[in-house]
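What follows is calculated from the coordinates using simple rules that are stated; it is not laboratory data. Please read all numbers here as calculations on a predicted model, not as lab measurements. Cβ sites come from the backbone with ideal geometry, for glycine too, and all protein chains shown count toward neighbours.
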Ligand SMILES: [Cu+2]
């Protein structure tokens, strides 16, 4: 019985250890690894609330990551052109990201943190944004289709 209690203590202390926040890299590509022009790679990522995401411009073309839609209470961001930016994802939900210079060319990405509590609103905003695009109109939709 004593052994069992000891194990309970060990297991409980493991469970209560703080989970380390992870960093995720999203690369901003003038030419994507699949040959497509002006893409975020990956264009969809799922992270945990508290994680951070680093947007890394891999080729210079004025790439500027900014959030066009965030969960309520989240802080919007905008990078300087061709400059890496790390943002902390501290609110649960779906984030829509665009490259400021290439947003009409479909350079977009979706971040999901935890549960997609604002998915319907995100879909609506994505549809509005996609309506202004000359190419890549389906990229938001494809990325949002991966949200679960
Ligand atoms: Cu760009």
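Taking 98, 70, 25 in turn, the Gaussian network model of the chain (Cα-Cα springs below 10 Å) assigns the largest fluctuation to 25.
In what sequence do 58, 29, 134, 107 fall when counting other Cβ within 10 Å, fewest first? Let's see the in-between values first.
Numbers: 58 16, 29 21, 134 8, 107 30.
In order of increasing Cβ crowding within 10 Å: 134, 58, 29, 107.
Regarding the chain, what whole-number volume in Å³ per residue does the convex hull of its Cα atoms give? Present the calculation step by step, with values, prior to reporting the outcome.
On the way: hull volume 19.1 nm³, N = 148.
So the per-residue hull volume is 129 Å³.
What FRET efficiency comes out for residue 25 versus residue 104 if R0 is 30 angstrom and r is the Cβ-Cβ distance? Round to the nearest 0.05. Intermediate results must be reported in sequence, preceding the final value.
Details: r = 25 Å, r/R0 = 0.84.
According to the calculation, E is roughly 0.75.
GNM on the chain, alpha-carbon springs under 10 angstrom: the most fluctuating residue among 33, 67, 130 is 33. Is the range 85-148 rounded, prolate or oblate when judged by the Cα gyration tensor, a ≥ b ≥ c being the square roots of its eigenvalues, rounded requiring a/c under 1.5 and prolate requiring a/b larger than b/c? In terms of gyration-tensor shape, oblate.
Neighbouring Cβ atoms within 10 Å as the yardstick, rank 51, 34, 138, 82 fewest first. Walk me through the intermediate numbers first.
Numbers: 51 21, 34 8, 138 12, 82 15.
Arranged by neighbour count, lowest to highest, 51, 34, 138, 82 become 34, 138, 82, 51.
Helix-derived [θ] at 222 nm for the chain: sum -39500 (n - 2.57) over DSSP H runs of at least 4, divide by residue count, nearest 500? Could you put the intermediate results ahead of the total?
Working: 3 runs with 33 residues, N = 148.
Result for the chain, helices only: -6500 deg cm²/dmol.
Once C-alpha pairs closer than 8 Å and six or more residues apart are averaged by separation and normalised to the residue number of the chain, the relative contact order reads 20 percent.
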